[in-house]
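Notes to accompany the following structure.
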Ligand SMILES: Nc1ncnc2c1ncn2[C@@H]1O[C@H](COP(=O)(O)OP(=O)(O)OP(=O)(O)O)[C@@H](O)[C@H]1O
Ligand SMILES: C[C@H](N)[C@H](N)CCCCCC(=O)O
Ligand SMILES: [Mg+2]
């Protein structure tokens with residue numbers, strides 16, 4: 001059973017948190033957003049609290065909560081703090097853990113370290129979230145190359161958005177990375193509509209490696 005999974009994406013704002021909430025709920029696991037930049041409105045952890053349907057205590061506290069909705073390296077500077085890679089050590093807890101990055105892979109945490117460097121240290125299996133809209137072929141294939149260059153294990157692709165069959169097929173064929181499923185745009189977006197969509201769209205066995 002794959003117990004700890006990193007959720008990353010081709011960009012910010014593409015649905016990593018919503019997908020993470022759905023996955024954490026399906027796995028009856030825990031969720032961790034180590035670095036949160038932007039505190040106005042709901043944080044990612046609060047979204048997951050609202051959508052995942054998990055028991056209390058399953059959404060772990062962030063290590064860094066940064067005020068400005070900017071790249072973490074800059075948001076940290078504006079808050080007068082420095083993000084230290086050593087403080088991003090993996091929590092040890094029973095059960096599955098869904099870990100969400102911040103933005104895309106090459107996002108800096110400080111002036112020396114990018115998020116992908118942390119993922120390379122962790123060597124945990126990764127799910128790459130990607131839009132289906134125009135532009136995603138380039139973004140997704142570039143992200144896959146970056147993961148492969150660092151031997152970061154990639155479980156597969158979680159597409160988010162309306163079906164664009166040839167785009168999804170093209171990405172899978174060029175990369176050889178499997179499509180785990182596609183989460184459509186949900187309206188309304190609720191815990192129930194999310195759980196139903198995740199159950200319909202994703203094969204947990206493909207994700208956890210357990211039939
Ligand atoms: N499947 C979906 N159905 C409806 N709305 C969605 C879906 N996925 C994402 N959204 C909406 O799109 C916006 C961005 O989604 P989300 O916060 O999950 O992005 P993100 O990739 O986690 O961003 P960040 O890089 O800031 O963590 C949010 O308003 C969210 O509610
Ligand atoms: C603020 C946003 N919601 C995310 N938390 C951080 C996104 C960082 C993106 C950096 C970049 O790629 O330019
Ligand atoms: Mg998010």
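Read the figures in this text as sums done on the coordinates, not as results from a lab. Because the structure is predicted, anything quoted here is derived from the model rather than measured. Don't worry about glycine lacking a Cβ; one is built from the backbone with ideal geometry, like all the others, and counts go over all protein chains shown.
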- Task: Mind giving me the nanometre distance, one decimal, between the label points for residue 92 and residue 145, set 7 Å out from Cα along Cα→Cβ?
- Result: 4.0
- Output the antiparallel fraction of DSSP beta bridges having both residues in region 88-211, as a percent to the nearest 5. 10
- Item | Nitroxide proxy distance, nm - points 7 Å out along Cα→Cβ at residue 193 and residue 60 | 3.1
- Message: I want the antiparallel fraction of DSSP beta bridges within region 1-124, as a percent rounded to 5.
- Response: 10
- Task: Would you calculate a helix-derived [θ] at 222 nm for the chain, using -39,500 (n - 2.57) for each DSSP H run of n ≥ 4 and dividing by the full residue count, to the nearest 500?
- Result: -10500 deg cm²/dmol
- Task: Can you tell me which of 162-173, 138-149 comes out highest on packing, and rank the rest after it, using the mean Cβ neighbours within 10 Å?
- Result: 138-149, 162-173
- FRET efficiency (residue 166, residue 3; Cβ distance; R0 45 Å; to 0.05) is 0.80
- Task: Once you've got the GNM for the chain with C-alpha springs shorter than 10 Å, pick whichever of 13, 191, 25 has the biggest mean-square fluctuation.
- Result: 13
- Note on the structure: Full extension between residue 42 and residue 138 adds, at 0.36 nm per residue less the Cα distance, a length in nm of 31.5 nm
- Message: Please list, by residue number, everything in region 11-45 whose backbone N is under 18 Å from a paramagnetic label point 7 Å out along Cα→Cβ of residue 78.
- Response: 12-13, 35-44
- Top of 197, 86, 120 by mean-square fluctuation, Gaussian network on the chain, Cα under 10 Å: 86
